[in-house]
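First the structure, in the form of C-alpha cells, and then the observations on it.
Values in this text are rule-based calculations from the coordinates and carry no lab data. Worth saying up front: this structure is predicted, and the values here are computed from it rather than measured. Positions of Cβ are generated from backbone atoms using ideal geometry, with glycine treated the same way; all protein chains shown enter the neighbour counts.
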C-alpha cells in the first residue's frame, strides 16, 4: 500500500516536454565521458535524461550514436549540447530527443534553429524515415511520426551573455524554443566577472521573464557543493537540473580515496592525498550576495 508521503507515480512513456508541462522537475546528467556503460548506470540510478556535452568534449559521431543507443536501452532520453551546425542532422536521425544550443545569439539565430529541428509545417527539417529514430521505416505511420517529433522534441537555448539578456524579450517571443538554460559562468564572464550577488540578480530576473513567457528554465549545473541552492531555484520556477559528471566523479573519487587512506596506520603510505576539486565561487553555496 502506498504511503501518502510517497511521490505519485508518473507515466514512464511521457516525453520530457510532457513531464515539464505537467509541472514535474527533471534531473539529468551533463556527460563529459564517451562511456556507454556510464550512460546505462545513469538510467538505472533514476536520472531523467542525459546531456551529451559535444560543446566541450571531443566525442566522435559514431560514439555519440552508441551513447544514444545505450541511453534508449535504459529508457533515458538523450539531449545533445552542441553549437548548431550540419553536424546535428545525423544525431536527429539516430534518435536524440533534444538539443541544447550554447551561446544563443539573437532572435534570428533562435528562429534558424527551430526551423532546422522541426518538420513541416513548423520547420524545414529534412524528411527521412529510413533510420533508427523511425525504426528504420518498419511498421510506422509516417504522418504520426512527424507530428510526434514536432510535438515532443525538446529545444533548449542557452543564455550565456549579457548581450542576449538585453534582447531577451525578442527571443522569448520565438515559438519552438521550449526552454532556456542560464549558464552562470559564461554570463559572469560577459559581465566582467561581477560579485556573485550582482550575477544572481540578473539570473533571478531572467528566470522570472522566462517563466512569465511560458518557457521552462534550467540554471547552471548541479555540483556536490551547491545542491542546497536547488530549493530556491524550484521556488522560482526552475524545473530542469543537470548534474555535472566531471565535477561529481572527480569529487567523489577523491573524497572516497581519502576516506580509505584515513583508515590506514600513519606512516605506512608514501602516497599523496587527493586534492580538492576547484570550486567556482558562482557555483558554491553561501557565496556572497553583496
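If you line up the long axis of helix 196-212 against the longest principal axis of the chain, both from Cα atoms, how many degrees apart are they, to the nearest 10?
Computed tilt is about 30 degrees.
For 225, 247, 37, which order do you get if you count the other beta carbons within 10 Å of each Cβ and list the fewest first?
37, 225, 247
Among 117, 126, which comes first, second and so on when ranked by fewest other beta-carbon atoms within 10 Å?
126, 117
How far, in degrees from 0 to 90, does helix 107-117 lean away from the longest principal axis of the Cα atoms of the chain, to the nearest 10?
With both axes taken from Cα atoms, the answer is about 70 degrees.
Can you report the principal axis dimensions of the stretch 100-221 using only the alpha carbons, biggest first, rounded to whole angstrom?
Reported extents, whole Å, longest axis first: 57, 25, 20.
Consider all pairwise Cα distances in the stretch 126-181 and report the whole-number % of them above 18 Å.
Pairs farther apart than 18 Å: 50 percent.
Which angle between 0 and 90 degrees, to the nearest 10, do you get for helix 245-262 versus the longest principal axis of the chain when only C-alpha atoms count?
Long axis of 245-262 versus the principal axis of the chain: about 20 degrees.
With springs only between Cα atoms under 10 Å, which of 226, 193, 280 fluctuates most in a Gaussian network model of the chain?
It is 280.
Kindly rank 134-143, 65-74, 38-47 from highest to lowest mean number of other beta carbons found within 10 Å of each residue.
65-74, 38-47, 134-143
Sort 29, 210 so that the residue with the fewest other Cβ atoms within 10 Å of its own Cβ comes first and the one with the most comes last.
210, 29
Take every Cα pair under 8 Å in the chain that's 6+ residues apart, average their separations, divide by the length, and report that relative contact order as a whole percent.
Once normalised by length, the contact order is 17 percent.
Largest first, please: the extent of the C-alpha atoms of the stretch 89-140 along each principal axis, to the nearest Å.
Principal extents (largest minus smallest coordinate, Cα): 40, 22, 12 Å.
Using all Cα-Cα distances in the stretch 44-139, what percent lands in each 5 angstrom bin from 0 up to the longest?
Spelled out per bin, shortest first, that is 3, 12, 22, 23, 20, 13, 5, 1, 0.
With the calculation restricted to Cα positions, what are the radius of gyration and Dmax of the stretch 213-273 in angstrom?
18.0, 62
At 0.890 mPa s and 25 °C, plugging the Kirkwood radius over alpha-carbon pairs of the chain into Stokes-Einstein gives what diffusion coefficient in µm²/s?
So the translational diffusion coefficient is about 120 µm²/s.
Based on the Cα gyration tensor of the stretch 150-257, what are the three equivalent ellipsoid semi-axes, each the root of five times an eigenvalue, rounded to whole Å and given largest first?
In descending order, the three semi-axes are 26, 18, 13 Å.
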